[in-house]
């Protein structure tokens with residue numbers, strides 16, 4: 001497919017670069033583990049580039065769950081009305097709700113949609129570039145032959161379950177990878193629904209659809225996985241493990257309000273707070289009232305000895321005559 005050729009070229013280039021690094025540190029050039037780890041390196045590069053979209057996916061899925069009560073109110077408002085005007089009004093109110101809450105229902109599908117072309121590009125690189133030993137861009141025919149002849153636990157990376165009848169080692173490895181791939185898909189979806197969703201958000205038709213997908217997707221992957229090469233199964237399993245760990249980190253740091261993950265976050269914060277010593281602040285010193293400055297008290301002088309002291313003890317009488325008005329005159 002010519003439309004995927006640039007992406008196939010990029011996938012082949014990343015694999016070749018990781019293969020060169022791994023051989024430089026001592027791994028065998030034609031080793032199956034060397035080429036398998038090159039596919040793992042491809043996953044790491046792709047998933048690092050998709051981190052911003054993955055965070056948007058988590059927020060979008062959480063937002064869709066949280067606004068379901070409001071969506072149900074809008075649906076109940078127009079229940080039984082099938083005329084075009086009512087349907088248009090219901091759609092408009094729903095879109096206004098998405099805009100008001102900053103929720104994009106398509107954002108939750110972006111990482112999966114963007115990974116799909118990469119998945120098919122790797123499929124073509126393994127099926128045509130390596131299996132046919134034709135090479136592709138940076139993957140020269142010599143490297144393609146080397147990768148095609150390499151084995152991982154006795155199985156080549158280009159072999160499939162259905163395409164290897166009678167080869168028990170190939171079938172065991174593919175079944176093992178399919179089980180791991182399906183289990184990691186189930187766990188990733190399960191932790192999103194059980195840890196990052198409040199109980200109220202799980203009681204709605206959208207949540208019921210998510211529960212159906214929770215069990216249906218692993219079965220779909222298991223049925224379709226028998227047609228995929230071992231290299232593609234390695235890619236799929238590795239990207240699932242990455243998604244599971246990345247999602248766990250995001251849920252732990254940015255839980256949905258009212259979810260069990262948020263309660264666990266609050267419990268961790270409370271536990272950390274108990275371990276820290278509390279610093280008690282000293283009460284401020286009371287302010288002294290402002291007023292007249294208090295003068296220091298004089299100590300009583302010792303009584304003088306002798307007749308002079310005795311004379312001082314006698315009360316002195318004032319012989320000043322009174323005025324006519326009965327008041328004592330003051331000496332000037």
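Quick notes on this structure:
- Residue within region 119-139 that is in contact (Cβ under 8 Å) with a residue 24 or more places away in the chain, loosely packed, with under 13 Cβ neighbours inside 10 Å and either in contact with a helix residue (DSSP H, G or I) (Cβ under 8 Å, 6 or more places away or on another chain) or in a loop (DSSP other than H, G, I, E, B) (or both) present: no
- Qualifying residue in region 48-55 (condition: over 30 Å from residue 248 (Cβ atoms), at pLDDT below 85 and part of a loop (DSSP other than H, G, I, E, B)): no
- Test: residue in region 89-109 that is surrounded by fewer than 17 Cβ atoms within 10 Å (Cβ to Cβ), out of contact with any helix residue (DSSP H, G or I) (no Cβ under 6 Å at 6 or more places or on another chain), assigned to a helix (DSSP H, G or I) and at pLDDT below 75: yes
- Enumeration of residues in region 128-142 that are modelled with pLDDT of 85 or more and closer than 14 Å to residue 39 by Cβ: 130, 139
- Residues (modelled with pLDDT under 85 and under 21 Å from the mean Cα position of the chain (by Cα)) located in region 201-242: 201, 202, 207, 210, 214
Conditions tested, residue by residue: (1) over 25 Å from residue 125 (Cα atoms); (2) out of contact with any helix residue (DSSP H, G or I) (no Cβ under 8 Å at 6 or more places or on another chain); (3) in a helix (DSSP H, G or I).
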residue	(1), (2), (3)
148	no, no, yes
161	no, no, no
170	no, no, yes
174	no, no, yes
179	no, no, yes
182	no, no, yes
188	yes, no, yes
191	yes, no, yes
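- Scanning region 24-34 turns up one or more residues that are crowded, with 18+ Cβ neighbours inside 10 Å, in contact with a helix residue (DSSP H, G or I) (Cβ under 6 Å, 6 or more places away or on another chain) and either under 30 Å from residue 100 (Cα atoms) or modelled with pLDDT of 85 or more (or both).
- Within region 1-12, considering residues that are within 16 Å of residue 139 (Cβ to Cβ), surrounded by fewer than 20 Cβ atoms within 10 Å (Cβ to Cβ) and out of contact with any strand residue (DSSP E or B) (no Cβ under 8 Å at 6 or more places or on another chain), the one modelled with the highest pLDDT: 10
The values are calculated or read from the model by the stated rules, or taken from the named source; none is laboratory data. In this text the structure is predicted, and so the values were computed from the model without any measurement. All Cβ positions, even for glycine, are placed from backbone atoms using ideal geometry, and neighbour counts span all protein chains on display.
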